[in-house]
Amino acid sequence: MTAGELLRGGKETLRRAGVPEWELDAWYLLEHVTGCTRNEYFLHPERKVSLEQEERYRELLRRRSLREPLQYLTGEQEFMGLSFRVCPDVLIPRQDTEILVEEVSKTLKPGDRILDLCTGSGCILISLLKLYGQRGGLTGVGADLSGAALETARGNARRLGVEAEFVQGDLFGPVVGAFDVIVSNPPYIPEAVVGTLQPEVKDHEPVCALDGGGDGLSFYRRIAVESPAFLRPGGRLYLEIGYDQAEAVSGLLAERFRDVRIVKDLAGLDRVVCGVMAED
Ligand code: GLN
């Protein structure tokens, strides 16, 4: 069978299954299985595909039709221009979260020590250390409840040549020491909303990475209260939030933090709340 025939069939399968980005996904999966780049493909769509590749492609199409996220099938997601390995133990890094990383990067100083709570794939901490660490000895700790997530994060750090420490436990539970920056993209979807999300998310991504309790704010409440004990004087806190949570989360920070600000994402939605620990 030729690559062109296989791709046509793949598109048709995904379209019939109602996969939202069926054309693109059929292409990405073919690229993943054959290693054939888009250029090569357009030059030689009549290129033959081996039987083994054909079978692997059909298996991935079957799984994608059941709405497994593309990234769990290919095993990777780009974030901040870096390639991160992902698996169903970790949330797939979102482009929105790049706003959080960029906001943190604006105030980083040489020698800063960073804590990333609910690190998941490690994408936030690792990209900060990798992209901004050259300015001078940044160090960092990533914490997560899930041991499997931490394995993925450690693997990502190793592959990207970043030194970071990863600790397992409930939020600040396993954390020791003081930090200049605390950053987190915690679970923030209200419990009742999780079941209404698209199948890729609700049926395949880890629920514990999504569910923020009854009103979605349970992690922010704990972080607001517990983070001052782990921040150096003048330490900064950066939180990713849901589009309708800015007011509630700013309110939670108001007591212990000054200069509390809201940062919007590229779609113009509230995406980050940050503040500086009040020195009193
Ligand atoms: N920090 C990871 C990310 O932003 C995981 C977040 C989470 O599990 N809620 O992708």
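Here are some notes:
- Considering only V263, V207, V225, the mean-square fluctuation computed in a Gaussian network model of the chain, springs between alpha carbons under 10 angstrom, is largest for V225.
- Footprinting exposure proxy for V19, V176 (fewest neighbouring C-beta atoms within 10 Å first): V176, V19
- Whole-Hz ³J(HN,Hα) from phi, Karplus 6.51 cos²θ - 1.76 cosθ + 1.60, for segment 118-131, glycine and proline x: 6, 5, x, 5, x, 4, 5, 4, 5, 5, 4, 5, 6, 8
- Highest average packing first - 238-247, 77-86, 35-44, Cβ atoms within 10 Å: 238-247, 77-86, 35-44
- Of S127, S218, the sequence from fewest to most neighbouring Cβ atoms within 10 angstrom is S218, S127.
- Distance between segment 59-118 and segment 191-233 - C-alpha centres, whole angstrom: 16
- Against the rule of thumb 2.2 N^0.38 Å, how large the Cα Rg of segment 49-200 comes out: 1.15
- Of all DSSP beta bridges in segment 173-280, antiparallel share, percent nearest 5: 65
- Annotation: amide H of E76 within the under-5 Å range of V86, sequence separation 5 or more or interchain, hydrogens built in the peptide plane.
- Charge dipole (Cα centre; +1 on Lys/Arg Cβ, -1 on Asp/Glu Cβ; no other charges) of the chain amounts to roughly 500 debye.
- In sequence order, segment 26-42 has phi-based couplings of 4, 5, 4, 5, 5, 4, 4, 7, 9, x, 7, 6, 4, 4, 4, 4, 5 Hz under the Karplus curve 6.51 cos²θ - 1.76 cosθ + 1.60, θ = phi - 60°, and Gly or Pro positions carry x.
- Per-q log10 I(q)/I(0), segment 169-280, q = 0.12, 0.14, 0.15 Å⁻¹ (Debye; single scatterer per alpha-carbon; no solvent): -0.43, -0.58, -0.66
- Summarising the amide proton neighbourhood of K264: residues at separation of 5 or more, or on other chains, whose placed amide H is nearer than 5 Å comprise R271.
- The orientation-averaged projected area of the convex hull spanned by the Cα atoms of the chain comes to 15.5 nm².
- Long-range Cα-Cα pairs in segment 152-235 (distance over 19 Å), rounded percent: 53
- Share of pairwise Cα-Cα distances greater than 20 Å in segment 1-91 is 35 percent (whole percent).
- Using just its DSSP H runs of length 4 or more, each adding -39500 (n - 2.57), the chain gives a mean residue ellipticity at 222 nm of -11000 deg cm²/dmol after division by all residues.
- Taking amide hydrogens as placed 1.01 Å from N in the peptide plane, the amide H of G216 sits under 5 Å from those of E191, each at least 5 positions away in sequence or on another chain.
- For segment 92-166, the alpha-carbon coordinates run over 31, 25, 20 Å along the three principal axes, in decreasing order.
- Each Lys and Arg adds +1 at its Cβ and each Asp and Glu adds -1 at its Cβ; summed about the Cα centre, segment 86-126 shows a dipole of about 160 debye.
- Under the Karplus curve 6.51 cos²θ - 1.76 cosθ + 1.60, θ = phi - 60°, whole-Hz ³J(HN,Hα) for segment 71-86, x wherever Gly or Pro sits: 5, 6, 7, 8, x, 8, 9, 7, 8, 6, x, 10, 9, 10, 6, 10
- Each of I114, I126 has some number of other Cβ atoms within 10 Å of its Cβ, and from fewest to most they run I114, I126.
Where a number appears in this text, it was derived from the coordinates with a stated rule and is not lab data. Please read these numbers as outputs of a predicted model, since none were measured by experiment. All Cβ positions, even for glycine, are placed from backbone atoms using ideal geometry, and neighbour counts span all protein chains on display.
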